[in-house]
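The block underneath contains the structure these notes are about, expressed in C-alpha cells.
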Amino acid sequence: MPPRTAVFFHAHPDDEALLTAGTMAMLAAEGHRVVLVVATAGERGLAEMEPGEALGETRLKELYTSAALLGCARVECLGYGDSGLRPKGGIAEERPDNAFIDADSEKAAKALAAILQEEDADLLAIYDPAGGYGHPDHVQVHRVGKRAAKIAGTEIVLEATVNRDPLVRLLRLAGRFYKFPPEFDVRTFESAYSSSETITHRVNVRKYAKQKRASMAAHASQASGGDSDRTLAVMLKVPRPLYRLVFGTEWYVRRDLPPGTRLTHPFDRWPK
C-alpha cells in the first residue's frame, strides 16, 4: 500500500491513547503519515493539580510525548477551551469563554479542514454521534469533524468507538459480584458507543500493545485526581499479557459503507 495520510481528531490530550493509539502506531509503522489534532488542552480535567492553564500546559506536554511514542508526524491543538465533564457542558457561566461546546461549529470545521487540505489527508478519524460516553466535547468533535471532512473533501471518515454489546454483558455480569457506586448506572452504556452490527472496522492492534500502553502511561496527570482510581490508572494496572488481549482491538464505523461490512484496516477498500 502506498503511503497515505491519516488525521486523528480528538477532544483532549489522552483521548488518543484510549481509543485510537494502536491504530495510529500501526499506520505509522507501515509508513503512513499520522497527524494528531486536539480541540482543547484538557485544562478542566481531573488531576492532582488544580484545573487551569498549568494543567493545560502539562497535558499538552504529555500529548507530545504520547504522539512521539506512536510515531505521529505532526501534532496540532485548535486552542479551544475544555468544556468540562458535566452533561451538555453544565452551566454556561461556569465554562471558559472559548469552550469548545460553545464554539461556532462552522468556524471550527474550517480550521480543521485547513489542516486536512494542507496535509492532503486521505482519512479523518473522529467519534461516533454519541461522543462515545457522551462527553460534550466529544459530541462536538463528531459534528465539527464530519463537517470539516466535507469541506476538505476527505474521502474516508472513521468514527472511533467501542463495541458496546460485549461491554454491557461484561458489566451486567460484574454487577452480580460487585456493587457499583450509586452514581454508576450500567443502563447508560446501552446507548453509549456503537452496537456490533453498526461497526464496519475491527482493527487488530495487538502487535502495537506496547506503544498503546506507553501512550496511556504518558498521560500521567490523568491517572490520578478525584476520589478513586481514574479509568486510565485502572487500565494501566491490567497485566501485560491480559492488556494485549483486552485492548488489542480498536473499532470504527464508516457511515458510507453498508451495515454488515467487516473490514480490518482503516484503508481497506470495499468491496475487497
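Each value in this text was obtained by applying a stated rule to the coordinates, not by laboratory testing. The structure presented is a predicted model; accordingly, all values stated were derived computationally and were not measured. Note: ideal-geometry Cβ built from the backbone for every residue, glycine included; neighbour counts use all protein chains shown.
Details
- Difference of contour (0.36 nm per residue) and Cα-Cα distance, TYR133 to GLU155: 5.3 nm
- Chymotrypsin sites (Phe, Trp or Tyr not before Pro), loop per DSSP, at most 13 other Cβ atoms within 10 Å - longest free stretch of the chain: 1-177
- Sorted largest first, the spans of the alpha carbon positions of the range 12-166 along the three principal axes are 43, 38, 31 Å.
- Within the chain, antiparallel bridges make up roughly 25 percent of the DSSP beta bridges whose residues both belong there.
- Among the listed options (1) 203; (2) 126; (3) 144, the one matching volume of the Cα convex hull per residue in Å³ as calculated from these coordinates is (2).
- A quarter of the convex hull surface defined by the alpha-carbon atoms of the range 228-272 gives 5.0 nm² as the mean projection.
- Candidates THR5, ALA17, GLY45 compared by Cα position along the dipole of the range 1-56: farthest toward the positive end lies THR5, with charges placed on Cβ.
- Between the amide H of THR200 and those of TYR252, VAL253, ARG254, distances stay under 5 Å, these residues lying 5 or more places away or on another chain, with hydrogens modeled in the peptide plane.
- Summed over all non-identical Cα pairs, the Kirkwood treatment of the range 90-176 gives a radius of 14.6 Å.
- Computed from backbone phi with θ = phi - 60° and the Karplus coefficients 6.51, -1.76 and 1.60, the 3J(HN,Hα) list for the range 238-243 is 5, x, 3, x, 6, 4 Hz; x is used for glycine and proline.
- Stretch gain in nm, segment GLU76-ALA114, where the contour uses 0.36 nm per residue and the Cα spacing is subtracted: 12.5 nm
- If R0 is 22 Å, the Cβ-Cβ spacing of GLU57 and HIS265 corresponds to a FRET efficiency of close to 0.05.
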